[in-house]
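Data first, discussion second: the structure below is written as structure tokens.
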């Protein structure tokens, strides 16, 4: 991915770091490459998890995440679908309240 890079610091179990270092040695890569690859693969995998996508959509509908965050999690096409549905739901709610 091309773009701005950000520094991230986190704590992880020593055994996990030892395994990562061993893999980095085998692949002649550094820790960063291993972590970025693992994170990218994880995010790709969870993007296809229906239950998680429902949670992501709910967070967007409840304004807990922005459209840009939504798009980065589920992709442009799916995010556009969620945006349209949110607009329809908002309009339905307005119509429902107006009828009360």
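Over the chain, dividing the summed -39,500 (n - 2.57) contributions of all DSSP H runs of at least 4 residues by the number of residues returns a 222 nm mean residue ellipticity of -24000 deg cm²/dmol. Relative to the longest principal axis of the Cα atoms of the chain, helix 14-27 runs at roughly 70 degrees.
With neighbour counts taken as other beta-carbon atoms within 10 Å, the residues 40, 11, 83 rank, fewest first, as 11, 40, 83. Taking the C-alpha atoms only, the angle from helix 50-61 to the longest principal axis of the chain is near 60 degrees. Here the residues 56, 34, 17, ranked from fewest to most Cβ neighbours within 10 Å of their Cβ, fall in the order 17, 34, 56.
Between helix 76-99 and the chain there is an angle of about 30 degrees, using the helix long axis and the longest principal axis of the Cα atoms. Taking other C-beta atoms within 10 Å as the exposure proxy, 74, 46, 8 rank 8, 46, 74 from fewest upward. For semi-axes √(5λ) of the Cα gyration tensor in Å, the value calculated from this model appears in [x] 32, 15, 11; [y] 21, 18, 13; [z] 40, 13, 12 under label [z].
Annotation for residue 89 and residue 11: the two label points, set 7 Å from Cα along the Cα-Cβ direction, are 3.7 nm apart.
Just so you know, all these numbers are worked out from the coordinates, no wet-lab data involved. All values reported here derive from a predicted model rather than from experimental measurement. Glycine also receives a Cβ, built like all others from the backbone with ideal geometry; neighbour counts cover every protein chain displayed.
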